[in-house]
Amino acid sequence: MKVKNDNSTSTFPQGFTRLIHTHLPKSDYQLLDFGGGRKLERLGDVLVDRPCPITNSTRENPALWRETQLSFDLSEKDRWHNHNSWKDRTEESAGPWICLCGEIKLLIKPTPAGQLGIFPEHWAHWEWLRKLLFPHNEATPTRPRVLSLFAYTGATTLALARLGCEVTHVDAAKPTVQWARENCKQSGLSEAPIRWIVDDAVAFVKRELRRNKQYEAILLDPPTYGHGIQGDRWEIHRDLIPLMDDCWQLLSDQRRLVLLCGHSSHVRIRDINTHLAQRHGRESVIECEVAQAHLCDLSGRKLDCGFAAKYSLG
């Protein structure tokens, strides 16, 4: 197995390297500043201040934080608070609003857990997927089939559907899949070839294997811990490698791609690579680029956003 690497120092588990450049599509999202355990973001025309535990550095632009319109505090009963131009809005009316990413419209809905429904660091992978699924911008005789697991609110699902892919969107949380479908409608993609599946990723993949289904690309963004729709517990250190093994068997013979993203320190990419090479005998043809994901603030500082492992098979 070929693994692209560099000599940079990393705090990540064995097998990680640094992502030198992150290019996001044109969007209404911007990371403005971070520090003191929080981050300040602009989503559309709204400035949001929310927790980010890994950001223990000093804030570069303190004045910007005084313009905050919406903030989240885990330690208080009313966790979302409105400020400035939002001062006469209630928590219930704090959302949703629209954030554009290219031609994709994403509904921003502040949740009780402090989430907003987007992970902008994932958008940086869209160009890589486009180049390999549609080389030289050529039309393909058939739509590339993409399986998106732990697919959340569907930004990447919609970006790929707009490119011309046939996407199977899988998430175990019914409200989250409904949110993704609302994003789909907002983006004018209601007629796009998307299958919306509310199911446990592990169980769904095993059923697809029994059906002899195949995909040109498989995307995964697994949590460290979670629960399926039947209450089955997901633990990434125990369940990820068997799931990756099953995903490998779903890959077609053409344009085979796997993108694994996440934030868990339990993930050991080298162990996954070794297992896949030994299990499937593809050591000479699997290429894996492992990178640290990040977003840049207005000062050019990089905020750690987890990891990404990109597999491209011949």
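Structure notes:
- Residue within region 220-236 that is polar (S, T, N, Q), surrounded by fewer than 20 Cβ atoms within 10 Å (Cβ to Cβ) and without any contact (Cβ under 8 Å) to a residue 60 or more places away in the chain present: yes
- Test: residue in region 174-192 that is at pLDDT 95 or above, within 17 Å of V258 (Cα to Cα) and among the aromatic types (F, W, Y): no
- Those residues of region 250-270 which are surrounded by 15 or more Cβ atoms within 10 Å (Cβ to Cβ) and not hydrophobic (A, V, I, L, M, F, W, C), in sequence order: R255, R256, G262, H263, S264, R268, R270
- Taking the conditions (1) within 24 Å of L132 (Cα to Cα); (2) in contact (Cβ under 8 Å) with a residue 40 or more places away in the chain in turn, V267 satisfies each one other than (1).
- Taking first residues from region 119-133 that are assigned to a helix (DSSP H, G or I) and partners that are among the small types (G, A, S), the Cβ contacts under 6 Å between residues at least 6 apart in sequence or on separate chains come to E121/A293; W126/A159.
- Restricting region 296-314 to residues that are among the small types (G, A, S) and assigned to a loop (DSSP other than H, G, I, E, B), the residue that is surrounded by the most Cβ atoms within 10 Å (Cβ to Cβ) is S299.
- Residues of region 134-163 classified as more than 26 Å from E41 (Cα to Cα) and either of a type outside the set (F, W, Y) or in contact (Cβ under 8 Å) with a residue 60 or more places away in the chain (or both), total: 18
- Tally, over region 43-57, of residues that are surrounded by fewer than 19 Cβ atoms within 10 Å (Cβ to Cβ) and either in a strand (DSSP E or B) or at pLDDT 95 or above (or both): 1
- Number of residues in region 98-156 that are surrounded by fewer than 19 Cβ atoms within 10 Å (Cβ to Cβ) and over 21 Å from V290 (Cβ atoms) equals 20.
- Criterion applied to A124, A94, A113, A139 was being modelled with pLDDT under 95 and touching a Pro at 6+ places or on another chain (Cβ under 7 Å), and the one residue passing it is A94.
The values are calculated or read from the model by the stated rules, or taken from the named source; none is laboratory data. Please read these numbers as outputs of a predicted model, since none were measured by experiment. Cβ coordinates were reconstructed from backbone atoms using ideal geometry, including for glycine residues, and neighbour counts include every protein chain displayed.
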